[in-house]
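Trainee: Structure provided below as structure tokens; questions to follow.
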Amino acid sequence: MTSRETTDTWIDKAFRSADRATLTSTYDTWAASYDADMLLTGYLHYAVLTGLVCRHLVRKDAAILDAGV
């Protein structure tokens, strides 16, 4: 079960990652609960964007790269 404190800890670890390897490791470990954790914080951008993108895809099996910001 996820909690706001756990989510805040993951977000803090991600923002404080000193290098790409640490950041990658953090997200790899966080991946199992990332969606639920982000919903807990009220972050809905990825869900809204997914709906908008999928509405306009010709190929529904197309791979999409989420490159981040």
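The values are calculated or read from the model by the stated rules, or taken from the named source; none is laboratory data. Everything numeric here is computed off the predicted structure, so don't read it as measured data. Every residue, glycine as well, gets a Cβ built from its backbone with ideal geometry; the counts of neighbours run over all protein chains shown.
Trainee: Considering only residues that are in contact (Cβ under 8 Å) with a residue 12 or more places away in the chain, assigned to a loop (DSSP other than H, G, I, E, B) and among the small types (G, A, S), look in region 1-60 and name the one that is surrounded by the fewest Cβ atoms within 10 Å (Cβ to Cβ).
Mentor: S3
Trainee: Going by what's in this entry, would Y27 be described as at pLDDT 90 or above, among the aromatic types (F, W, Y) and under 25 Å from L65 (Cβ atoms)?
Mentor: yes
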